[in-house]
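Okay, structure first, notes after.
The values are calculated or read from the model by the stated rules, or taken from the named source; none is laboratory data. All figures in this text were calculated on a predicted structure; none of them were measured in a lab. All Cβ positions, even for glycine, are placed from backbone atoms using ideal geometry, and neighbour counts span all protein chains on display. Surface accessibility is based on the protein's heavy atoms, side chains included, excluding ligands, DNA and RNA. Shrake-Rupley method; radii C 1.70, N 1.55, O 1.52, S 1.80 Å.
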Amino acid sequence: MTGPATNRETLISRLKPQIKTGQAAIKERYLTEGDASRLLRDRCQLIDEVFCDLWLALELPSSLALLAVGGYGRGELYPASDVDLLILLPDTPDATLTKRLEETVALFYDIGLEVAPSVRTVDESCQTANDDITVQTALLEARLLAGNASLFQTFTAAIKKILDPATFFETKRKEQDERHLRFQLSPYSLEPNCKEAPGGLRDLHMILWIARAAGFDGGWAELAEHGLITPEEAETLSRCIAFLQELRTRLHLHTGRREDRLLFDYQTALAGQFGLEATPTRRASELLMQKYYRTAKEITQINTILLQNLGAAISPSPDWPPQPIDEHFQAAHDLLDIVDEDVFNRDPRLMLVAFLRMAQHPELHGMSARTLRALWHIRTRIDDDFRRDPANRASFLELLQQPQGVLHELRRMNQFGLLGRYLPNFGKIVGQMQHDLFHVYTVDQHILQVLRNLRRFMATDFTHEYPLCSELIADFPRPWVLYIAALFHDIAKGRGGDHSELGAVDAEKFCLDHGIDNADRELIVWLVRHHLQMSTVAQKQDISDPDVICSFSQLVGDERHLTGLYLFTVADIRGTSPKVWNTWKGQLLEQLFRSTCRTLLAGGVAPVKQGLIEDRQQQALRLLRYFALPDSVQERLWKQLDAVYFLRHSAEEIAWHTRALHYRTRVEEPVVKARVSPQGGGLEVMVYTRDQRDLFARVVGYFSRAGYSIVEAKIHTTRHGYALDSFNLLDLSDRDGDRSMINIIEHELTSRLVRQTTPEAPGSGRLSRQVKNFPIQPVVAIETDDKGQYYVLSVGAADRPGLLYTIATTIASHGANLHTAKISTLGERVEDTFLISGGDLGDTTSRIKLETELLERLKL
């Protein structure tokens, strides 16, 4: 290829240091000046010079051409980007030329470049481009580096000839839809991909590719010249591009590789490089990500508008006359359109009316590009005077009261910046991250997810998901009050202080401003103030205790408040993260709802405990009769059980325990029984054995090693010294079903309890990136319960393997008895509550020592 081997070595020894030195100089200049666009150009220029030098030195046939394609052809080479190349041939190469080309490609790698090369003839390029839209896209951006200019002209003409703009547009739009779908259609992931995610760089590339296919080869400047983007949009684009270019450049330099994901591991360091500093209420990384999310939102706005405009330019719709909707709006090709460009300037109040009309006309598929553009440009007219206008307040309230389209239009208002203008405090939380280890959405997206869930309860297509919620909301008068509560429940996040109380103040002002009557205003404000209460009671208190139910019923006061809070709580938990909701939480909330309903019907008075126990025992006996057991079947077991047992277990659980144990109340070997939870989802396991030291720690260690998470434990000691413990488990593994594990659990756990082996610590799994990079300080508190009989141990910490085992062994080391355990996992965070007694807990110093030991052992 280049003569003697020494010639090849000479090229490598000359060009490899040239690239390394040049790259270092470019990086140094960037770190000094901070101009990412210059870095991209300088890196392209450096690589251009190397390839031109190399091409001349190789003395390849003059009929060949070397082309830069893809991002390199576009003139964007990020620090770790591949160098996309095409060696263009006039004809199929013979064996000699093939060997030379193989050696040439190998040399590209040898001089230290990460290349993505291809070798094709013009015909092969056209055929591949026809078959693969990705290749066709890359070839659209081809530019000549070295070699035969005539061949390059033939190539560009051939590519243009096979390019069908309409087909290209539709294919690329579908490609974008599929790409967005891979990222859940949202730019608001906590660890977004700044290149591929919605609102990332790829959305900008999409516009340029389609514009090129439509004949607009001059980039953003030409689009502006032809009126496809306005000067304001061009300015916004320039700012967005500059930010994303700098972000991706710094990400590549920071990681030292091609990495486009803004992982938690990098966010804090990148924020520092952007000069961002933490505030008393927000991390520097949160400020960086909020800037990213707002940039991504602006890009999605412009992408939406430009795709419509380019689509209309490429494939003009039939010239059908628009259908009037009212004097200001019309339907044009199934889109809401303004009758002229000046509609919103003449009457800014029509901004909100536009979204109202969309909700009122479900046959419309969206808004026309000129309507969206006009709304976006006029959004700054939403000021204090606009917000005080009674007509605007009436329009916004009417939108919330529509039978359909509410969620879609609020999302559209948020996307184009109008919702945050109309509700200024909402605007402050747009794009705000929540590093609480269980929310996976930004605050604004979480709020809209909650509203989405409330709307979903009303849709007949989804009644199978939450039958009780669907039934309740169907009879709930004026459900739109729940939507207002949703808009305000987290609106005060990031301000410092209690966001529920601050949000309630905002909600009350909104209700007063919008003329909402006293009863509905009181409910909305109450829901915002107490939106966490039902979840807290269900997951942290003993809801089998009539006094707990009585206290909660006094808080809610009546059935409307209870129903509203129940619906809101389910929607809120479901809107935090797909991981947070599980069937156990659903069961607890439903149990609390139904128990409180009964108490409210009884006038808010707790039932007499003895009467409640007798009723529960009678229900259990009725269930036992289905199994043809004698009426006296329960006597031997039940005489060993106290009132606390019957209060803490349901009639169905009591019947199950009785069936398993009625003939063996005194056994030498442990009895372990497991079953699929009757409510669906997970397993229930019963352990009956002579009480033994470290029993809870031994059981916890086994379940953790078996891949199960304990969500609830009921610990009971019989009068004759046996432990009767119940555990609700959720499978953390990807096993096909729980039923197949029943025999395994029964056999293995029994074996461990028989041998009374030292409790086995769970395996040391890996911490999540979120926990490692945004740790939370563990919180431990020990307080007496309301009756002074027990101590309530509350633990809040970042979740990790072996956490419950650590707590269990620490409690055991103080000789304390465990009565109940409620384990609440919220994404990457746990909030566990234990009812304990005995040991040295009666001594204040000992309790403080236990708290201190737990805090120390729970630190990461």
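Near LEU818, once Lys and Arg are set to +1 and Asp and Glu to -1 for all other residues with Cβ below 12 Å from its Cβ, the sum equals -2. Pairs of Cα atoms in the range 98-216 fall into 10 Å distance bins, from 0 up to the last occupied one, in shares of 11, 33, 32, 20, 4 percent.
To the nearest 0.05, what FRET efficiency results for THR32 and ALA312 with a Förster distance of 60 Å applied to their C-beta separation? If you can, show how the numbers build up before the last one.
Working: r = 45 Å, r/R0 = 0.76.
Efficiency at R0 = 60 Å is approximately 0.85.
Taking 0.36 nm per residue of separation and subtracting the current Cα-Cα distance, fully stretching the chain between HIS377 and GLU614 would add 78.4 nm. Give me the base-10 log of I(q)/I(0) for the range 373-494 at each q in 0.21 Å⁻¹, Debye formula, one uniform scatterer per Cα, rounded to two decimals. So the normalised log intensities are -1.27. Filter the cross-link list LYS585/LYS859; LYS585/LYS822; LYS585/LYS714; LYS540/LYS714; LYS609/LYS787; LYS609/LYS639 down to pairs whose alpha-carbon distance in this structure exceeds 20 Å. Over 20 Å apart, Cα to Cα: LYS585/LYS859.
Here's the picture: a label point sits 7 Å out from the Cα of ARG14 along the beta-carbon direction, and within the range 56-74 the residues with their amide nitrogen under 17 Å of it are 56-60.
Note on LYS493: aspartates and glutamates with a C-alpha under 15 Å away, same-chain residues under 8 apart excluded, are GLU286, ASP436, ASP444, GLU501, ASP506, ASP572. Amide H contacts of THR820 (H built 1.01 Å from N, in plane; Pro and chain starts excluded): ILE715, LEU835 sit under 5 Å, all sequence-distant by 5 or more or on other chains.
Quick one: pull the percent of accessible area on the chain belonging to carbon and sulfur, 1.4 Å probe, ligands and nucleic acids left out.
On the way: 18240 of 37060 Å².
That fraction is 49 percent.
Computed per residue of the chain from DSSP H runs no shorter than four, each worth -39500 (n - 2.57), the mean residue ellipticity at 222 nm is -17500 deg cm²/dmol.
Given the range 413-484, report the % of alpha carbon pairs whose separation exceeds 18 Å. Taking all Cα-Cα pairs of the range 413-484, the fraction more than 18 Å apart is 51 percent.
If a/c stays under 1.5 just call it rounded; otherwise compare a/b with b/c (prolate if a/b is bigger, oblate if not). Do that for the range 386-433, with a ≥ b ≥ c from the square roots of the Cα gyration tensor eigenvalues.
Working: a/c = 2.56, a/b = 1.24, b/c = 2.06.
Verdict is oblate for the range 386-433.
Estimated at the nearest 10 Å², the accessible area of LEU397 is 20 Å² with a 1.4 Å probe. For the chain, the solvent-accessible area works out to 43 Å² per residue, with a probe of 1.4 Å and every protein chain left in place.
With a cut-off of 12 Å between beta carbons, the residues surrounding ASP615 carry a summed charge of +3, where Lys and Arg count +1 and Asp and Glu -1.
Full extension of the chain between SER238 and THR758 yields a length gain of 180.7 nm, computed as 0.36 nm times the residue separation minus the alpha carbon distance. The angle separating the long axis of helix 264-273 from the principal Cα axis of greatest extent in the chain is about 60 degrees. May I ask for the distance between the Cα centers of the range 588-646 and the range 365-392, given as a whole number of Å? When both Cα centres are located, 59 Å separates them. On a per residue basis, the convex hull of the C-alpha atoms belonging to the range 150-222 measures out at 106 Å³.
With +1 on each Lys and Arg Cβ and -1 on each Asp and Glu Cβ, how big is the dipole of the chain about its Cα centre, in debye rounded to the nearest 20? Its charge dipole is roughly 1940 debye. The C-alpha atoms of the chain define a longest principal axis, and helix 390-400 lies at about 70 degrees to it.
Mind ordering 382-392, 611-621, 451-461 by average Cβ neighbours within 10 Å, highest first?
Final packing ranking: 451-461, 611-621, 382-392.
Please give the contour-minus-distance gain from SER551 to GLN45: 0.36 nm per residue of separation, less the Cα-Cα distance, rounded to one decimal in nm. If you can, show how the numbers build up before the last one.
Values: separation 506, 0.36 × 506 = 182.16 nm, distance 7.33 nm.
Here the segment from SER551 to GLN45 would lengthen by 174.8 nm.
Judged by the gyration tensor of its Cα atoms, with axes a ≥ b ≥ c, the range 1-61 is oblate; a/c meets the 1.5 cut and b/c is at least as large as a/b. Placing +1 on the Cβ of every Lys and Arg and -1 on the Cβ of every Asp and Glu, with nothing else charged, gives the range 270-381 a dipole about its Cα centre of roughly 700 debye. When each of the peptides 59-65, 408-414 is scored by the mean number of other C-beta atoms lying within 10 Å of its residues, the order from highest to lowest reads 408-414, 59-65.
Working note: Debye formula, equal point scatterers on the alpha-carbon atoms of the range 333-411, no solvent; log10 I(q)/I(0) at q = 0.16, 0.23 Å⁻¹ is -0.58, -1.17. Under 5 Å between amide hydrogens, built in the peptide plane, is the criterion, and for TYR708 it picks out LEU732 among residues at least 5 positions away or on other chains.
Taking amide H as placed 1.01 Å from N in the peptide plane, the amide H of VAL83 sits under 5 Å from that of GLU114, VAL115, ALA116, each at least 5 places away or on another chain. Over all orientations, the range 763-860 has a Cα convex hull whose mean projected area works out to 6.2 square nanometres. When each of the peptides 363-371, 739-747, 528-536 is scored by the mean number of other C-beta atoms lying within 10 Å of its residues, the order from highest to lowest reads 528-536, 363-371, 739-747.
Would you mind giving the three semi-axes, in whole Å and largest first, of the ellipsoid equivalent to the chain according to its Cα gyration tensor? Provide the component values of the computation, followed by the final result.
Numbers: eigenvalues 716, 284, 116 Å².
Equivalent ellipsoid semi-axes, largest first: 60, 38, 24 Å.
For the range 1-140, the convex hull drawn through the C-alpha positions has a volume of 98 cubic angstrom per residue.
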